[in-house]
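The structure under discussion appears below in the form of structure tokens.
Every number in this text was worked out from the coordinates using simple rules, so none of it is lab data. Since the model is a prediction, treat every value here as computed from it, not as a measurement. Here the Cβ is made from the backbone with ideal geometry for all residues, glycine too, and neighbour counts use every protein chain on show.
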Amino acid sequence: MRRDKYKIIIPFLFPAIALYLVFVIYPYLQAMYISLTKWRGLTPNPEFIGLENFQRMLEDKYFWNALGNNVTYLIFVPLITITISLYLAFLLTQGKMRFSKFYRVTYFFPQVMSLVAIGVLWSFIYHPTIGILNSILKAIGIAEPPAWLGNPDAVVPAIGAVIVWQAVGFYMVLFIAGMESIPVTFYEAATIDGANRWQLFWNITLPLLWDTTRTALVFLAIGAANMFAITQTMTEGGPNRASDVLATYLYERAFISSKFGYATAIAVSLFLMVFVLSIFTMRVTQRETLEY
Amino acid sequence: MTADTSQTTLAGAQRAQERSFSGILIQSLINVSLIFWAALVIFPMIWLVYSSFKTDQEIFFAPWALPQELQWNNFERAWVDVHIGQYFVNSMIVVVPGLTLTVILSAMAAYILARFQFPGNRAIFYLFMSGMLFPLFLALVPLFFLTKDLGMLNTFHGLIIVYTAYSLPFTIFFLTGFFKTLPSELHEAAIIDGANEYQVFFQVMLPLAQPGLVTMGIFNFLGMWNQFILPLVLMADREKYVLPQGLSFMLHQQYYENDWSALFAAVTIIMIPTLVVYVIFQSRIQKGITVGALKG
């Protein structure tokens with residue numbers, strides 16, 4: 001009927017497709033090839049070396065060091081963030097609450113700030129002389145608090161705490177949305193049967209929030225595998241690589257040491273790990289979805 | 001009716017629980033938790049703002065104290081000497097066209113994918129979706145050399161085009177869903193009235209899609225305004241740094257120069273507009289950001 005529809009289809013689709021193929025798809029595909037080469041960026045053609053970069057990675061202690069930090073974040077950040085945000089979401093959905101709107105707006109705010117601004121703000125707070133954290137700790141009786149970002153043992157928890165601080169509001173809003181979509185009749189029936197709030201939470205809210213929780217887990221896992229902006233801003237991977245993550249390490253390899261092939265190989269491994277992890281998380285947490 | 005009565009039962013049961021001693025205890029525990037987290041979020045920012053009015057001496061020797069006198073010149077130094085003003089302008093130069101281009105190109109493509117049937121429609125849709133599978137850092141090295149070869153390294157237009165390209169997949173995904181919900185009768189009615197396809201799009205469909213476009217506008221604005229790794233790789237010219245990049249740069253620079261008060265003022269300058277915009281549009285912004293979760 002409308003034979004002239006291609007007059008609109010082609011000009012409307014073309015710019016988006018062209019831009020996308022050239023600047024997104026082409027670089028992603030090219031990355032796969034560059035990861036198999038040795039390339040310092042000076043010659044036009046990278047030298048093909050097969051899987052050598054990946055072999056070298058296995059013996060590179062800085063690679064393992066960075067990966068170790070990612071794994072630490074991966075274990076603790078999702079767990080702590082989800083616990084706190086679930087708790088706050090639960091509190092804010094308990095009937096009529098004074099200032100409930102104020103709390104939601106406040107908790108969410110760090111989410112709209114740039115991670116760089118957050119990183120700078122917290123570098124001030126953690127700072128041993130100008131910062132306020134250590135004077136609080138001294139006041140409550142900790143005689144020698146660590147110089148957070150300057151201490152190799154304290155730096156990873158310190159950065160992880162900042163990420164939890166900024167992420168909690170977002171996941172809380174997500175959980176509140178999930179909780180509000182649970183029919184109130186469920187709670188009524190249980191309350192009449194004599195269930196208390198705690199039982200309501202464990203037996204109704206939590207099981208019905210399972211899908212939201214899975215989504216949150218995958219998001220947080222992807223975030224923990226990245227950690228670039230916050231780490232680069234607060235420590236640049238220091239002191240002495242103690243807070244390096246794979247993303248900062250590969251950035252340094254590529255754009256400071258000009259080892260483009262090796263850096264891209266790290267990026268490919270990181271991508272594969274995240275990909276497998278996301279699928280794994282979705283599979284392991286798969287349960288029969290409760291229809292309601 | 002039934003819903004009404006049961007609601008009162010529930011409220012009544014809760015009220016009875018709250019009147020008891022343990023109810024009061026629980027209520028105070030709830031309030032303490034909520035106030036604690038609110039303080040944890042707000043206090044660092046209040047501290048930042050009042051510290052940015054202090055002298056370097058005060059910042060160093062009395063981290064908690066309020067400023068003796070308001071040092072407005074900290075802000076002047078931050079804006080001029082630390083180049084926050086310049087970085088702010090640069091960010092605008094990149095984000096405004098990037099955002100416009102993203103919304104227009106995505107709306108056009110999404111409209112076609114949502115409302116026209118032709119061979120390859122699904123394939124193109126999934127091609128766009130595949131871009132969301134990959135993390136950005138995988139593309140960094142090839143992207144750096146690509147923009148270099150095209151002469152777009154260290155240019156504003158290079159950054160605008162790259163920002164746009166990487167915003168397309170999610171924006172198209174979201175808007176395709178949105179255009180599908182619009183009634184097709186409107187399209188047919190407009191055609192019968194003699195409008196051509198372009199007029200239908202710009203005069204009928206685009207205005208109808210406005211809520212979706214605004215949501216995507218907010219979502220992409222925050223993403224582009226806060227974008228850090230792309231300018232870090234693609235913009236080495238210090239005169240053309242965008243805000244997050246400039247902020248990070250000066251933090252590392254400041255360790256040698258020690259003008260802390262200007263640095264505090266700089267972060268305040270960056271935070272306040274975000275805060276004001278957020279407070280005004282907060283419900284829309286919360287929606288705009290959390291839609292990202294829908295794709296999960």
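Where is the GNM fluctuation largest for chain A (alpha-carbon springs, 10 angstrom cutoff): A:Gly41, A:Gly150, A:Gly237?
Among A:Gly41, A:Gly150, A:Gly237, the largest GNM mean-square fluctuation belongs to A:Gly41.
I need the helices of chain B that pass two filters: whole DSSP H segments spanning 27 Å or more by Cα along the axis, and mean Kyte-Doolittle score no lower than -0.5.
Answer set is B:21-51, B:84-115, B:156-180, B:260-290.
If the elastic network links every pair of Cα atoms under 10 Å, which of B:Leu222, B:Leu29, B:Leu206 fluctuates the most in the Gaussian network model of chain B?
B:Leu29
Take the alpha carbon gyration tensor of the stretch A:23-284, find the square roots of its eigenvalues, order them as a ≥ b ≥ c, and report rounded if a/c is under 1.5; if not, report prolate when a/b exceeds b/c, else oblate. Each step should come with its number before you reach the end.
On the way: a/c = 2.70, a/b = 1.56, b/c = 1.73.
Note, shape of the stretch A:23-284 comes out oblate.
Could you tell me the calculated FRET efficiency between B:Phe118 and B:Val214, based on Cβ-Cβ distance and R0 = 25 angstrom, to the nearest 0.05?
0.30
List the residues whose amide H sits under 5 Å from the amide H of B:Ala236, counting only those 5 or more places along or on another chain, with H placed 1.01 Å from N in the peptide plane.
The list, which skips near neighbours in sequence, is B:Asn154.
Rounded to the nearest 500, what is the 222 nm mean residue ellipticity of the protein assembly as shown from helices alone, with -39500 (n - 2.57) per DSSP H run of 4+ residues and division by all residues?
The helix contribution divided over the protein assembly as shown gives -22500 deg cm²/dmol.
Return B:Thr290, A:Thr191, A:Thr72, B:Thr181 ranked ascending by Cβ neighbour count within 10 Å, so the fewest neighbours appear first.
With the fewest neighbours first, B:Thr290, A:Thr191, A:Thr72, B:Thr181 line up as B:Thr181, A:Thr72, B:Thr290, A:Thr191.
Would you kindly derive the ³J(HN,Hα) couplings of the stretch A:128-135 from the backbone phi angles with the Karplus curve 6.51 cos²θ - 1.76 cosθ + 1.60 (θ = phi - 60°), listing them in order in whole Hz, with x for Gly and Pro?
x, 9, 8, x, 9, 4, 5, 6
What ranking do B:Tyr163, A:Tyr87 get, fewest neighbouring Cβ atoms within 10 angstrom at the top?
Details: B:Tyr163 24, A:Tyr87 16.
Ascending number of Cβ neighbours within 10 Å: A:Tyr87, B:Tyr163.
Count the lysine pairs in the protein assembly as shown whose Cα atoms lie under 28 Å apart, taking only pairs 8 or more positions apart in sequence or on different chains.
16
Using the number of other C-beta atoms within 10 angstrom as an exposure proxy, rank B:Met45, A:Met234 with the fewest first.
B:Met45, A:Met234
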